[in-house]
Amino acid sequence: MDAWAWLIAYLIGFALLQLVLYRYFQRGESTHEGDREPGYQRLERRSAAADVGSAEDADGVYCQHCGARNDRGFSYCQNCVEPLR
């Protein structure tokens, strides 16, 4: 093929890749098995952390944003990357 055919094939392929990535992120799919409904799990974690009563326990620190438990010594949440206070 000449250079123009390769350029057109590349541009069409790149546009299709971008479209596939856009659709993937718009649907909120994840590679994690349990994240089929991401909002549901965040609410569940947040309510579990709220039931604990304190933001800290013997095993770690609970994130105020998503409710995930983090080991002591971390400055940022391992789940949502928000700062731990």
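So here's what we get for this one:
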quantity	calculated
Residue 47 modelled with pLDDT under 60, more than 18 Å from the chain's Cα centre (by Cα) and part of a helix (DSSP H, G or I)	yes
Unmet requirement for residue 31, which otherwise passes all of (1) at pLDDT below 85; (2) of a type in the set (Val, Ile, Thr); (3) surrounded by 10 or more Cβ atoms within 10 Å (Cβ to Cβ)	(3)
Single match in 76, 24, 10, 40 (criterion: surrounded by 10 or more Cβ atoms within 10 Å (Cβ to Cβ), at pLDDT 90 or above and out of contact with any helix residue (DSSP H, G or I) (no Cβ under 7 Å at 6 or more places or on another chain))	10
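The values are calculated or read from the model by the stated rules, or taken from the named source; none is laboratory data. A quick note: this is a predicted structure, and the numbers were derived from the prediction, not measured. Here the Cβ is made from the backbone with ideal geometry for all residues, glycine too, and neighbour counts use every protein chain on show.
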